[in-house]
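The values are calculated or read from the model by the stated rules, or taken from the named source; none is laboratory data. Note that the structure is predicted; figures quoted are calculated from it, not measured. With ideal geometry, Cβ positions are generated from the backbone for all residues, glycine too; neighbour counts draw on all protein chains shown.
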Amino acid sequence: MIDTAIVDTGIGDAEDDDFDAAVEAPDAQLPENRYLDRELSWLAFNQRVLELAEDPTLPVLERANFLAIFASNLDEFFMVRVAGLKRRIVTGLAVPTNVGRSPGEVLAGISAEAHALQLRHAAVWNDDVRPALAKAAIEVVGWGDLGDDERSALYDYFQAKVFPVLMPLAVDPAHPFPYISGLSLNLAIRIRNARTGRQEFARLKVPPMLPRLIEVPTAGPSARYIPLEELIAQHLDDLFPGMEVLDHHAFRLTRNEDMVIEEDETENLIQALEAELLRRRFGPPIRLEVTEDMDDLTLDLLLKELDITEQEVYRLPGPLDLRALFELTRIDRPELHYPPHVPTTAVAFQSAEQSSDARADLFAAIRKGDVLVHHPYESFATSVQAFLEQAARDPHVLAIKQTLYRTSGDSPIVQALIDAAEAGKQVLALVEVKARFDEANNIVWARKLEKAGVHVVYGLVGLKTHCKLALVIREEKGELRHYSHVGTGNYNPKTSRLYEDFGLFTTDAQVGRDLTRLFNELSGYAIEKKFKRLLVAPLHLRKGLLRLIDRERRNALEGKPAYVRIKVNSMVDEQIIDALYRASIAGVKVDVWVRGICSLRTDLPGVSDNITVRSILGRYLEHSRIFAFANDGVPDVYIGSADMMHRNLDRRVEALVRVTTPRHITELLGLFDQAMDDGTSSWHLGPEGVWTRHSVGEDGKPLADLQDRRMSTVRRRRQARVSR
């Protein structure tokens with residue numbers, strides 16, 4: 001079982017019982033309606049993504065990308081959050097939410113808001129972004145927009161590339177209604193038998209392995225694309241010879257894909273996951289998207305056969321499934337994208353040699369002092385990846401221990417571990433095969449690692465291992481030195497170019513001992529309760545943060561400097577939120593920088609007066625987690641993997657590391673200063689949980705973009721070193 005001692009927070013052991021009672025007991029100071037609904041808050045987050053797509057000042061292909069992200073996000077929301085809520089209602093396990101509403105009421109609220117957002121999403125594409133793309137000579141067209149030569153060329157493409165893989169499925173007494181897979185795009189087709197006059201129904205799945213947007217061969221100046229389903233729809237006669245095609249409509253089904261794994265001490269987790277992945281394909285329907293022109297006869301048939309309610313039907317203007325716009329974002333038109341940013345090598349890791357092939361000695365750099373790297377502004381490839389690759393080939397390295405939560409399909413991180421094992425080093429990889437939607441990929445990598453001789457473990461029963469840790473043991477002058485990396489993001493080279501994250505490299509002996517103990521606990525049966533620079537979930541991370549927050553409350557009451565600054569993806573946990581409310585009441589300045597869900601309210605007079613909540617979205621996904629406390633003028637600052645959610649604090653192995661280098665603390669606090677500044681473009685959380693975008697100042701000029709400023713800061717830092 002994971003445990004951790006708490007760093008000295010100024011609360012003595014004699015006060016432990018009083019502290020625990022204060023945290024767990026109801027607080028008369030706090031009103032009952034002090035939380036925002038987490039599901040509606042998530043939808044508000046996705047609305048912020050949509051607002052970026054609506055922004056005419058952004059490059060148009062980036063706006064298309066945000067439309068695709070919105071669609072992808074909403075799919076996952078339905079597959080997991082809505083599916084989970086429905087499952088609890090059906091099984092009778094549902095309990096009232098923390099906002100005093102029944103699960104049924106929450107589901108109705110989600111449905112109303114999701115309907116409105118999907119209609120808004122479709123309108124942004126059809127009325128705004130699509131015309132803007134056309135002005136930039138990128139057109140998404142219909143069959144009626146094409147000339148005879150273009151139609152002829154597309155018919156040839158259809159016959160050669162599409163027709164052979166189509167599988168029309170009839171529905172009649174001899175052919176039952178086919179299974180509709182989750183997220184598949186389909187055509188519902190009504191046909192008439194020319195001999196009997198009988199009307200029939202057929203379903204045709206749009207092949208997912210083909211490009212969704214087909215480029216139209218054209219001699220004109222524009223790049224033109226037609227949706228694959230429209231190309232298919234125009235040639236249905238080829239699929240049903242001798243039949244009269246009466247009508248056709250697109251539809252798309254979303255199924256419950258939230259996995260429930262029952263673990264015990266003896267089962268094989270890999271086998272259980274593989275079985276559950278098969279069951280996932282057949283999860284119950286939870287959303288049916290149809291084109292707005294679908295006739296009642298066809299819709300009634302779908303409702304009956306799919307066993308879905310009208311509340312779960314979303315009538316939308318075509319095209320359905322705007323994830324297809326991801327394909328447009330690959331168009332090579334630099335002027336329609338964000339200006340390129342090439343990550344720089346962190347100053348500490350830059351080679352002193354001028355040769356472009358020269359490799360820096362990362363171990364030597366880390367021995368000089370802790371190194372804090374900020375991705376994607378600073379390169380993942382020349383820091384984290386290079387660190388593990390150097391460890392794999394270094395003859396003095398004896399062992400490497402690594403957690404892997406999400407990895408890319410061609411991960412050089414995994415390859416480095418394989419190379420190290422094949423070189424005779426001891427290598428431990430803790431692979432989290434339960435990482436949602438990456439389960440199958442992680443199973444493949446786990447088996448590949450095992451075949452290479454890597455010791456692969458899957459963590460603790462009942463817990464996901466979400467912490468981002470790497471430990472290298474190196475022999476130096478007859479003694480062993482620990483090189484540690486604790487990060488906020490996954491060891492994934494691909495997402496590292498899109499996700500904003502921090503990583504700390506250190507040779508601090510205490511961190512090395514902490515990681516050694518933690519890895520021993522994760523891979524074996526050791527029970528170690530003494531971590532010095534780490535806060536570790538699930539048992540004591542929550543309590544550690546509550547004590548740190550409460551220390552600020554006590555300091556404020558004594559007139560000492562006090563603040564709490566938290567940057568996370570989600571702020572949901574009620575105990576943490578209540579602690580922030582109590583701190584605010586005492587006069588503590590509380591800054592919360594959250595990307596996604598926030599159940600914390602800012603509109604409670606006398607309770608949240610000192611709380612400010614901001615959200616920043618942009619070209620990079622804000623992903624790092626930072627926790628900072630004034631500590632009477634000697635700041636305590638942590639970075640790590642944990643969000644303020646029940647699952648992170650109670651059901652995951654998470655780790656925060658305390659940052660001790662003064663300039664790193666200054667850098668992290670400075671980033672907070674910029675994020676919370678009214679001169680920075682951001683969303684502000686206001687009354688009733690409404691988020692308002694602030695992107696233009698009173699003078700009409702755009703407010704500062706935090707991510708652009710960060711890029712400039714990193715560039716200046718590199719230039720300053722080069723000029724020395």
Open item on the list: Report every pair of residues separated by at least 6 positions or lying on different chains whose Cβ atoms are under 7 Å apart, first residue within the range 605-622 and outside the structural domain of Arg582 (by TED's automatic domain parsing), second basic (Lys, Arg) and assigned to a strand (DSSP E or B).
Closed with: none
Open item on the list: Cβ-Cβ distance below 6 Å, separation of 6 or more or different chains: which pairs start in the range 682-702 with a residue that is farther than 16 Å from Leu40 by Cα and end on one that is surrounded by 14 or more Cβ atoms within 10 Å (Cβ to Cβ) and of a type in the set (Asp, Glu)?
Closed with: Arg693/Glu51
Task: Tally, over the range 360-382, of residues that are under 21 Å from Glu475 (Cβ atoms) and in a helix (DSSP H, G or I) - done: 6
Open item on the list: Filter the range 624-647 down to the residues that are modelled with pLDDT of 95 or more and among the polar types (S, T, N, Q) and list them by number.
Closed with: Ser624, Asn631
Task: Output for the range 446-480, where each listed residue is exposed (fewer than 14 other Cβ atoms within 10 Å of the Cβ) and among the basic types (Lys, Arg) - done: Arg447, Lys451, Lys477
Task: Any pair with Cβ under 8 angstrom, 6 or more apart, that starts in the range 215-231 at a residue that is without any contact (Cβ under 8 Å) to a residue 24 or more places away in the chain and ends at one that is small (Gly, Ala, Ser) - done: Glu215/Ala223
Task: Candidate set: the range 538-577, residues that are closer than 27 Å to Asn46 by Cβ and touching an Asp or Glu at 6+ places or on another chain (Cβ under 7 Å); chosen: the one surrounded by the most Cβ atoms within 10 Å (Cβ to Cβ) - done: Val568
Open item on the list: So the check is Cβ under 7 Å with 6+ separation or different chains; which pairs have a first residue in the range 629-657 that's within 17 Å of Leu463 (Cβ to Cβ) and a second one that's of a type in the set (Phe, Trp, Tyr)?
Closed with: Leu656/Phe627; Leu656/Tyr638
Open item on the list: Which count do you get for residues in the range 693-724 that are at pLDDT 90 or above and among the basic types (Lys, Arg)?
Closed with: 4
- [ ] Report, by residue number, each residue of the range 586-617 that is within 24 Å of Arg554 (Cβ to Cβ), out of contact with any helix residue (DSSP H, G or I) (no Cβ under 8 Å at 6 or more places or on another chain) and among the hydrophobic types (A, V, I, L, M, F, W, C).
- [x] Val613
- [ ] Residue by residue through the range 517-570, note down the ones that are in a loop (DSSP other than H, G, I, E, B) and of a type in the set (A, V, I, L, M, F, W, C).
- [x] Ala526, Ile527, Phe531, Ala537, Leu539, Ala562
Open item on the list: Tell me whether the range 690-703 contains one or more residues that are assigned to a helix (DSSP H, G or I) and not assigned by TED's automatic domain parsing to the domain that holds Leu430.
Closed with: no
TODO: Give the range 559-572 a look and list any residue that's in contact with a helix residue (DSSP H, G or I) (Cβ under 6 Å, 6 or more places away or on another chain) and over 19 Å from Asp673 (Cβ atoms), or say none.
DONE: Lys560, Val572
Open item on the list: Looking only at the range 143-172, filter to residues that are assigned to a loop (DSSP other than H, G, I, E, B) and touching a strand residue (DSSP E or B) at 6+ places or on another chain (Cβ under 7 Å); which one of those is surrounded by the most Cβ atoms within 10 Å (Cβ to Cβ)?
Closed with: Leu166
- [ ] Please determine, by comparing only the residues of the range 608-618 that are surrounded by fewer than 21 Cβ atoms within 10 Å (Cβ to Cβ) and not polar (S, T, N, Q), which one is farthest from Leu36 (Cα to Cα).
- [x] Gly618
TODO: Answer with yes or no whether Arg190 is assigned to a strand (DSSP E or B), assigned by TED's automatic domain parsing to the domain that holds Asp307 and of a type outside the set (Val, Ile, Thr).
DONE: yes
- [ ] Would you point out the residue of the range 672-724, among those that are within 22 Å of Tyr377 (Cα to Cα) and basic (Lys, Arg), that is surrounded by the most Cβ atoms within 10 Å (Cβ to Cβ)?
- [x] Arg710
Open item on the list: Please list, ordered by residue number, the helices (runs of 4 or more DSSP H) wholly in the range 29-91 having 2 or more residues that are under 22 Å from Leu580 (Cα atoms).
Closed with: 38-53
Open item on the list: Please count how many residues of the range 295-316 are part of a loop (DSSP other than H, G, I, E, B) and either modelled with pLDDT of 95 or more or at positive phi (or both).
Closed with: 1
Task: Qualifying positions in the range 173-204 - charged (D, E, K, R) and surrounded by 18 or more Cβ atoms within 10 Å (Cβ to Cβ) - done: Arg190, Arg203
Task: Considering residues of the range 92-109 that are among the β-branched types (Val, Ile, Thr) and not in a helix (DSSP H, G or I) only, the residue modelled with the lowest pLDDT - done: Val95
- [ ] Name the one entry in Val536, Val564 that is among the β-branched types (Val, Ile, Thr) and at pLDDT 95 or above.
- [x] Val564
Open item on the list: Out of everything in the range 504-513 that is touching a residue at least 60 places away in the same chain (Cβ under 8 Å) and in contact with a Lys or Arg (Cβ under 6 Å, 6 or more places away or on another chain), what residue ends up being nearest to Asp370 (Cα to Cα)?
Closed with: Thr507
- [ ] Starting from the range 571-582, keep only residues that are of a type in the set (Ser, Thr, Tyr), then list their pairs with residues that are not in a helix (DSSP H, G or I) whose Cβ atoms are within a distance under 6 Å, requiring at least 6 positions of separation or different chains.
- [x] Tyr581/Leu30; Tyr581/Val607
Task: Tally of residues being part of a strand (DSSP E or B), closer than 12 Å to Tyr157 by Cβ and over 30 Å from the mean Cα position of the chain (by Cα) across the range 200-225 - done: 1
